[in-house]
Amino acid sequence: MSSMLRGNLRMAYSGVKGSKWRSFLTMLGIIVGIVAVVTVVGIGEGVKHQIAGTLAHFGEDLIIVRPDDSDGASANSLGRSDVVFGMASAVNLTNKDIGVVGRAEDVRLHAPLTLVSGTLEVYEKTIISSVKVVGTGSDMPQLINQNIAYGDFWTADDENSNFAVLGQQAAYALFDEPVPLGKSFEFRGQAFQVRGIFEPFAKVPFSPTASFDNVVFIPHQAASRITSDSVSPYAILAKPDSASHLGDAIKSISEDMAASRGGERNFSVLESRESVESGSGVISLLSMWIFAVAAIALLMGGVGIMNIMLLVVTERMHEIGVRKAVGATGRQILSQFVLEATVLSVVGGIIGIIVSTGVIGLLRIYTDLDPVISWPAIVIAAAISVSIGIVFGTIPAIKAARKDPIEALRHE
């Protein structure tokens, strides 16, 4: 039995090696599908770890107040472009909510996050880049546990002043230098003076406002003044007076905001762990769609294997007749061709796994993503490739096994 298996393996290997390009094109669907599965899982897990790590840096006692969509969708909605702070929701918070959060029982620190539109100008040069302007409060550095590398942040007494604190990428984008302290830029017809530069922020994919390196921070009150009170926060950050009071602070914020909104609860009050779960939900949903595409690629790869094996059976009809004439059983012929299809899919799976690890490595080098190699995904991918070979190789193998030896010998 083992010698026959070895013989079938040798014939399967010779068949694959004898027509390399045809075999490669046959395996291409399997390769693409496996690369998609392993890479998507690696990116998804890596992004989850990055989000969790960033929020852990912010502190487990960080409270994030975000609006819910007007249709009552949860925080997992794909309508949010920011998986951490929920920017681009259909509904924003209000300036009144900032005061409600700040006055809530057990809350020690709070600050809004307000996206302010407008044109940045330095030395009469318009800055057209990815730099964003965000209005916030004086408690911001303490809320996100982020140190100031140069200069300092404004104080509570400066909330209406035209000061600015920059992320390091924003400093380079505006002034082409790392420490432009004391320099000024124009924004919405007002001159703002650079007071400080943050230390580098961690990169968080799918969260344009969790990594603040390309952000210009200005006081929220100044933002309201220069926009005639037309801006409103997309999130409010808060911290309790003690980590043990986290639950009490969340409850207090929720009750006070609901009361100020006439009982409406079109907002979410989340702790860091819940925000990670919210972001993971968005990533999982995106991954599901890509998995669907990968499944189609795998299916088409299986169909390709079946078509090629049907062709191989036709080409080798005389060989099948000779083997049957010298005593080979239908079961032996069946196992031979199933094994050949399995070898095609397994080799395609191995190539796909190797390529996917290379893609993950390139993503880690050339992008802000930090994907991980998921061994469960690799095991599942290997199992899928073997299963495809067995399933889609069965029909051609059955056709070969059922051939009448006399008819097969007459075939040219």
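So the values come out like this:
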{"read-out": "Flag if Val179 is farther than 18 Å from Pro200 by Cα and modelled with pLDDT under 95", "value": "no"}
{"read-out": "Candidate set: segment 145-159, residues that are among the polar types (S, T, N, Q) and more than 16 Å from Val216 (Cβ to Cβ); chosen: the one surrounded by the most Cβ atoms within 10 Å (Cβ to Cβ)", "value": "Asn145"}
{"read-out": "Residues located in segment 340-364, provided they are surrounded by fewer than 18 Cβ atoms within 10 Å (Cβ to Cβ) and touching a Leu at 6+ places or on another chain (Cβ under 8 Å)", "value": "Leu363"}
{"read-out": "Residue count for segment 128-177, restricted to those that are more than 22 Å from Val101 (Cβ to Cβ) and assigned to a loop (DSSP other than H, G, I, E, B)", "value": "11"}
{"read-out": "Positions within segment 185-200 being touching a residue at least 40 places away in the same chain (Cβ under 8 Å) and assigned to a strand (DSSP E or B), in sequence order", "value": "Phe185, Glu186, Phe187, Val194, Arg195, Gly196, Ile197, Phe198"}
{"read-out": "Qualifying residues in segment 223-247 (those that are out of contact with any strand residue (DSSP E or B) (no Cβ under 7 Å at 6 or more places or on another chain), in a loop (DSSP other than H, G, I, E, B) and touching a residue at least 40 places away in the same chain (Cβ under 8 Å)) - the one nearest to Lys132 (Cα to Cα)", "value": "Asp229"}
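The values are calculated or read from the model by the stated rules, or taken from the named source; none is laboratory data. If you're wondering where the values come from, they're calculated on a predicted model, not measured in any experiment. Cβ coordinates were reconstructed from backbone atoms using ideal geometry, including for glycine residues, and neighbour counts include every protein chain displayed.
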